[in-house]
1. Based on this model, can you work out whether LYS83 counts as of a type outside the set (S, T, N, Q), surrounded by fewer than 20 Cβ atoms within 10 Å (Cβ to Cβ) and part of a helix (DSSP H, G or I)?
2. Taking LEU245 as the residue in question, decide whether it is assigned by TED's automatic domain parsing to the domain that holds ARG297, modelled with pLDDT of 90 or more, in contact with a Pro (Cβ under 7 Å, 6 or more places away or on another chain) and not β-branched (Val, Ile, Thr).
3. Under 9 Å between Cβ atoms, which residue pairs at least 6 apart in sequence (or on different chains) link something in region 331-359 that is more than 12 Å from LEU412 (Cα to Cα) with a partner that is of a type in the set (Lys, Arg)?
4. Looking at this structure, is ALA146 of a type in the set (Gly, Ala, Ser), surrounded by fewer than 18 Cβ atoms within 10 Å (Cβ to Cβ) and touching a helix residue (DSSP H, G or I) at 6+ places or on another chain (Cβ under 9 Å)?
5. Condition test on ILE298, is it crowded, with 17+ Cβ neighbours inside 10 Å and in contact (Cβ under 8 Å) with a residue 60 or more places away in the chain?
6. So which residues in region 35-77 are touching a residue at least 60 places away in the same chain (Cβ under 8 Å) and either of a type in the set (Ser, Thr, Tyr) or not in a helix (DSSP H, G or I) (or both), if there are any at all?
7. Scan region 390-403 and tell me whether some residue there is modelled with pLDDT of 85 or more, touching a Gly at 6+ places or on another chain (Cβ under 7 Å) and in the same structural domain as LYS355 (by TED's automatic domain parsing).
8. Kindly indicate whether ARG127 is charged (D, E, K, R), in contact with a Gly (Cβ under 7 Å, 6 or more places away or on another chain) and modelled with pLDDT under 90.
Amino acid sequence: MNPLSRRFPEIYRCLLTECSSARLALGAGTSLALGAAFWSAAGWDRDPGKMLFLYAFWTQVATFIVYGSIRASASIADEREAKTWDLQRLTPLTSGDIAAGKLLGAPVYAAFLAALLMPWALVGALRSQGVGAGVAFIYLQFAATAFLALSLALLSSAYSDLSRGGSAATAGTLIGLGSLYTLAPALVKAPSDAGIVYFGLNIPNVLWMPLATAGFGAWAFAAAKWRVGRDLLEPARFWRFPAFLLYLIFFLLGFEKASAYFALLLPAAATVMTALAEPTTPEAWRRWLAASDWGDRIDRTPSWISGAAVCVAAALFISLIPAMPGLAPYRRLPLVLSLFLVRDAAFIQACRFTKSRRPEILAVVFLSLAYLVPLILLSAANMKVLLYAFMPLVGSDVSAWVNVIPGLIGALASVSALAFVSGRSTSTLR
């Protein structure tokens, strides 16, 4: 065994499977042909250097970010399909070793293709009239975006217990294309621009954009690592998901025109997505409730419960903030939103104690109907004031009780239903 295979076995295995001599030769020949075509096509433009750079750069984006995300999203899914994923438990590799190996190894051929195009991009940047000064900033944001996209793709693959190559490829494509939203501004913003005011500090774009993007990439990679750790039977930790929600709330509140009243929109959405993505089986529910050690019981707490608790606590704190001029009704929005969050998340978990083969789909269908049917019927009947009973809305035309009571009733009903069906299920397991 060579040092690379001993220290990074996952990366070495990907190198053996992805980078055969034939594929390397084909990639080199293709990049040379593409570069010649880009050079020829850019020569007709008034700024041939800029066009050459753009041609090469966006091809790098397509190969490394989009194609790399496809490979990363299929990395664990393909292992599960080939029945080799369980063999990972027999190796001394930790969840960090496996996650890092998949992150760096799965897109290794995509990285090779992107590297072959780098000389063309640099030549174009040096010959251009306006790109040269910002090329370092562009590639810094490129690296941060690639890290975010690959980490999200790896996270998607880690949760794809029932997925197959087609769905993994679709997820990787969507993640790769969606992540370009964080890359495109780097092409239109100069490093010398005013930047962004964040918590009262004027932070230049060259620092703000890569750091913000890489920050969320780090959380996505950590979530993928923790999901891999669950398959390796590594102990869970209670603080992980609440820490991410607090980070998200803190991140949103830093913007110059941010309002605390809207700070729970994304954390609430993340909690609902977690409730759907992390199925808590009746057996896991029984082990959690039956744990004799309180430390173990706290660590076994389902993520959606800890996330909902954070959102409720944050909502109660935000409701104590004095009302801003013209936004008095929105002071109760976090509390209303958190109550509907508890209702929906508890209902999703209650569906898992039914005999449905696809409880998550069942929950999504019923929750969609719970929102869409009242919206359609009441809007058509011009009875929009009743929408406050069925949706997390606030307004100056209704009192706080009209806003809060329906959400509280829905939350209590879902929690009671969950307690009932979980009690029956766990008693059956005993």
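1. No, not satisfied.
2. Spelling it out, LEU245 is indeed assigned by TED's automatic domain parsing to the domain that holds ARG297, modelled with pLDDT of 90 or more, in contact with a Pro (Cβ under 7 Å, 6 or more places away or on another chain) and not β-branched (Val, Ile, Thr).
3. PHE353/ARG424; PRO359/ARG352
4. It is false that ALA146 is of a type in the set (Gly, Ala, Ser), surrounded by fewer than 18 Cβ atoms within 10 Å (Cβ to Cβ) and touching a helix residue (DSSP H, G or I) at 6+ places or on another chain (Cβ under 9 Å).
5. It is false that ILE298 is crowded, with 17+ Cβ neighbours inside 10 Å and in contact (Cβ under 8 Å) with a residue 60 or more places away in the chain.
6. Scanning region 35-77 gives ASP47, TYR55, TYR67, SER69, SER73, SER75.
7. Yes, that holds for at least one residue.
8. Yes.
The values are calculated or read from the model by the stated rules, or taken from the named source; none is laboratory data. If you're wondering where the values come from, they're calculated on a predicted model, not measured in any experiment. Cβ sites come from the backbone with ideal geometry, for glycine too, and all protein chains shown count toward neighbours.
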